[in-house]
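Everything below concerns the one structure shown next.
The values are calculated or read from the model by the stated rules, or taken from the named source; none is laboratory data. Just so we're clear, the structure is a prediction, and the values are computed from it rather than from any experiment. Cβ sites come from the backbone with ideal geometry, for glycine too, and all protein chains shown count toward neighbours.
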Amino acid sequence: MAIDCKFVPYLSCRPSKEIVFPFRATEKVTKFKLSPGRFPFLISSSSSLWLRPTVISAAAYKKDVEESEDTFRLTYLEGNSWLWEVGGIKILVDPILVGNLDFGIPWLYDAAKKVVKNFQVLIVSITHFSPVIYYYIFIFLMYVQIDDLPLIHCLLITQSLDDHCHLNTLKPLSRKFPNLTVIATPNAKTLLDPLFTNVIYLEPGQDSEIEVSNGFQVKIEATAGPVLGPPWKRPENGYIVTSPKGALTLYYEPHCVYNKTFLEKDKADIVITPVIKQLLPNFTLVSGQEDAVQLAKCLSAKFVVPMKNGDLDSKGLLASIVKSEGTIESFKQLLSKELPDAKVLEPIPGEPLDISIAVHGQ
C-alpha cells in the first residue's frame, strides 16, 4: 500500500465544465518517504510558469481510480471554502464566491479574499465608468464566476453563519444547480430550504452516501463541531468523507472545535483544520496550534492540510480587534513531537492538491 501526495495542474477549457482560475502552476516534483520503504508521497516545488488549460476526461479519471488508487483532489478557495473531488464526485464546501464576507453588517466586518478573486481584479481596470455601468458590470462578473464552476455533485455546509452558509453565493448557485444535492447542518435549515429542494440534514453521527453516474459512492458522516450560542443549542457540523473504495478518509471542521470522545472511534488519513488561532478579547473565534495537534493525533492523521481562514483582507471594527496566535511553523514543531510521521501539506489557493492511496489487489 502506498500513499501519494502531489500538486497536479488540473484545469480545463470551458467545454469540459471544469473550473478555470488564472493561477501559477507547479512543474518540479520531488519524492519523499514517510518511513523507509513505506508510504512514498510526492510534493511539488514552486514554478513561475502560468498554468496552461488541460483537459482530463472523466473516463480516463475513472479508469485510473478503478485500476490503482483512491484520490482526494483538494482545491483551497480561501476562507472556509473548498472544492474537493473524490471518485469523480465534486463537492463544494462552504463557498463564498460572490462578493465579500460581511455578515450583512460591513461596518463591523468586511473581508475579501486575497488570491481567489480574479473577477474582482478585472473590475479594478474599469472604474472610470459611471457608477451605474460599474454596478451592472460588477453583477455580471459575479455571475460569470458562478457560471465558471464545474458540474457540482454535492454542496457541503458545516455551519449556519454567513462565513459558511453565504447567501450571496448560494442564491445564484441554486439557480445554476436547482437539483443539487446539499448536505448540511440542521441549523441552516431556514436558510437552505427556500433555495434548494434536495437537502439532507445530518446530525452528528448520521451519514449519507453520494452517488453519481459513474457508479462511485462517497460516504459523508457528520461529526460534532462548535456550539454557536447557548450551551443547549445543537452543535454545528464537521464531516468525515470516505473515498469510494474506503481506502482514504478525510476529516474537516473549519474552527478546530471537536468532541474528542465522539472522534475516538474514527480515523482520518487527511485532516483539514485551521492551525492559527483567531482570538477576540476573552473569546476564541477559531482554535488551532495545540488543539490542532491533538485533533491530528486523535484521528491518527497521515497528512494535515492547514487552512488560513483568517488570512483575508478585512476591515471594520471587529477586524481591528481580532488577533492571531501561532504560525504554521510553530504548529509543525508541535506536531513533530506528538505525531512525527504526519506530514503538513500547505495548500496554495486555487491550485489542486492531490492525495492518493494505492489499493493494489482490490
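Contact map, the range 79-93: residues that are on the phi > 0 side of the Ramachandran plot paired with residues that are among the basic types (K, R), Cβ distance under 9 Å, separation 6+ or inter-chain. Pairs shown: G79/K113; G79/K308; G87/K62; G87/K245; G88/K62. Within the range 193-225, the set of residues being within 30 Å of T284 (Cα to Cα), of a type outside the set (G, A, S) and in contact (Cβ under 8 Å) with a residue 60 or more places away in the chain comprises just one member, I220. Kindly establish whether L280 is under 27 Å from I321 (Cβ atoms) and in contact with a helix residue (DSSP H, G or I) (Cβ under 8 Å, 6 or more places away or on another chain). The answer is yes for L280. For V212, the conditions (1) farther than 17 Å from L74 by Cα; (2) modelled with pLDDT under 90; (3) in contact with an Asp or Glu (Cβ under 6 Å, 6 or more places away or on another chain) are fulfilled apart from (3). Does the range 338-353 contain any residue that is in a helix (DSSP H, G or I) and either of a type in the set (K, R) or touching a residue at least 60 places away in the same chain (Cβ under 8 Å) (or both)? Checked the range 338-353: no residue is in a helix (DSSP H, G or I) and either of a type in the set (K, R) or touching a residue at least 60 places away in the same chain (Cβ under 8 Å) (or both).
For the range 256-292, which residues satisfy the criterion of being more than 22 Å from the chain's Cα centre (by Cα) and either among the polar types (S, T, N, Q) or within 24 Å of R73 (Cα to Cα) (or both)? Hits for the range 256-292 are T261, N282. Quick check on the range 264-289: of everything there that is in contact with a Pro (Cβ under 9 Å, 6 or more places away or on another chain) and in a strand (DSSP E or B), which residue is surrounded by the fewest Cβ atoms within 10 Å (Cβ to Cβ)? The qualifying residue surrounded by the fewest Cβ atoms within 10 Å (Cβ to Cβ) is V286. Report yes if K277 is within 19 Å of Q294 (Cα to Cα), among the charged types (D, E, K, R) and at pLDDT below 95, otherwise no. Judged against the criteria, K277 is a match.
Okay, residues lined up against (1) closer than 29 Å to I210 by Cβ; (2) acidic (D, E):
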site: V241; (1), (2): yes, no
site: T249; (1), (2): yes, no
site: E264; (1), (2): yes, yes
site: P281; (1), (2): no, no
site: Q289; (1), (2): no, no
site: A296; (1), (2): yes, no
site: K302; (1), (2): yes, no
site: E325; (1), (2): no, yes
site: I328; (1), (2): no, no
